[in-house]
Amino acid sequence: MIRIPDAMLLAVAVLLAAACSKGAPLTRTLGDGGAESGSGGSAASGGNDAGGGGAGSGSGGAAGVGGTAGVGGAAGAGVAGASGGASGHGGASGAGGAGSCNALASTAPYIHANYVAAVPSPQGGTPSPGSYYLTTLNKFTGPGGMTGVDHDEFAETVWLTVSGNVVTIQLVQNDGPETANVQQTMVLTLSGATTGTLQYTCPFTATGPFAYTADATTFHLFGGMAEEFVYTKQSDGPIDLLTACKAMQADFATALAAAQKCDPTATSQCQAAVEVPELGCPSCEVVIQSGVGVGGMAAHFSQAGCSSLPGYTCPICQGPSGQCVAQPGGGGVCMQM
């Protein structure tokens, strides 16, 4: 959820900016540290064996900056050496993890944010537990502000639980086909008719106010006066990955067929292509006429953790360009030259 942080107006908007903006993304992979080379970790400086080297390998840690355990790794600086204490600086939570907060798969479809002038009034309500997809993201620009659709793509899959006045949201977000999935956890304590306190608990910690609207099928989370995230319920239980992957395959097949339609009487047809290696098919390019987002759909299939599934026929591998071949029923289809 970190999108255009300079547009955040209130404290919770800053929190949502830390989770939603494209402008200043969080560390989304193992980053600088990785498995063996982070700054600080279970055997950092002053460790067991060799002074500044530590029990393992010097300043490299088990998790690293942005890793599963964040900056500081599992124990911090020094296991028990002369210059490092038992706990050290850092600790188990650290500053930013790659995906240790939950095990959700990113199955939600990509959406585009809307720029809108008016801010709706939060209505409160009773949140309903279950699986949700982010279906609408409104960015408020104020009276006379810009309107329209953001070109960036966002996807969020949410598992929402309710215990009394406490709502826990586990989510996995993705800011487009070229970015990595990021898991987060936040706890919402409802304290007013339409408001409460939002606390991020993983992979970082932060607290601020929020407002909400909830009913049996939707949950609206307001980032101050800046943003509204609208989540639509998909099921009472967890999303079934196999079912979601099959739906993605079907959607991709439909979109690809539409993208290959062309006009055999026109020029400059079938000059584009889309790669389809993520659908369990041989890595190749398929000739298309147009199809914004088709490539993103294929990448999303891979990001969700889908593998090759039965019932899907791989497209015929083609070159990077083709020609429009007339069809008996009218129109044309892009085919390899």
Exercise. Taking the condition of a type in the set (G, A, S), modelled with pLDDT under 75, under 22 Å from L241 (Cα atoms) and assigned to a loop (DSSP other than H, G, I, E, B), does G291 pass?
Worked result: no
Exercise. Under the condition of being among the hydrophobic types (A, V, I, L, M, F, W, C) and assigned to a strand (DSSP E or B), which residue from segment 121-156 is surrounded by the fewest Cβ atoms within 10 Å (Cβ to Cβ)?
Worked result: V149
For this session: Go through segment 193-206 residue by residue and tally those that are over 21 Å from the mean Cα position of the chain (by Cα) and surrounded by 15 or more Cβ atoms within 10 Å (Cβ to Cβ).
Result: 4
For this session: Would you mention how many residues in segment 157-179 are in contact (Cβ under 8 Å) with a residue 60 or more places away in the chain and surrounded by fewer than 17 Cβ atoms within 10 Å (Cβ to Cβ)?
Result: 2
Exercise. Can you tell which of A113, A75, A69, A105 is at pLDDT below 95, outside any loop (DSSP other than H, G, I, E, B) and crowded, with 17+ Cβ neighbours inside 10 Å?
Worked result: A113
For this session: For segment 184-204, name all the residues that are in a strand (DSSP E or B) and in contact with a Phe, Trp or Tyr (Cβ under 9 Å, 6 or more places away or on another chain).
Result: Q184, T185, M186, V187, L188, L190, T195, G196, T197, L198
Seminar exercise, completed: So, first residue farther than 20 Å from G130 by Cα and outside any strand (DSSP E or B) in segment 205-217, second residue modelled with pLDDT under 95 and not hydrophobic (A, V, I, L, M, F, W, C), Cβ within less than 9 Å, six or more apart or across chains; the pairs are T205/S93
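The values are calculated or read from the model by the stated rules, or taken from the named source; none is laboratory data. Fair warning: this is a prediction, and the values are worked out from it, not measured in the lab. Counting neighbours? That spans all protein chains shown, and the Cβs are built from the backbone with ideal geometry, glycine included.
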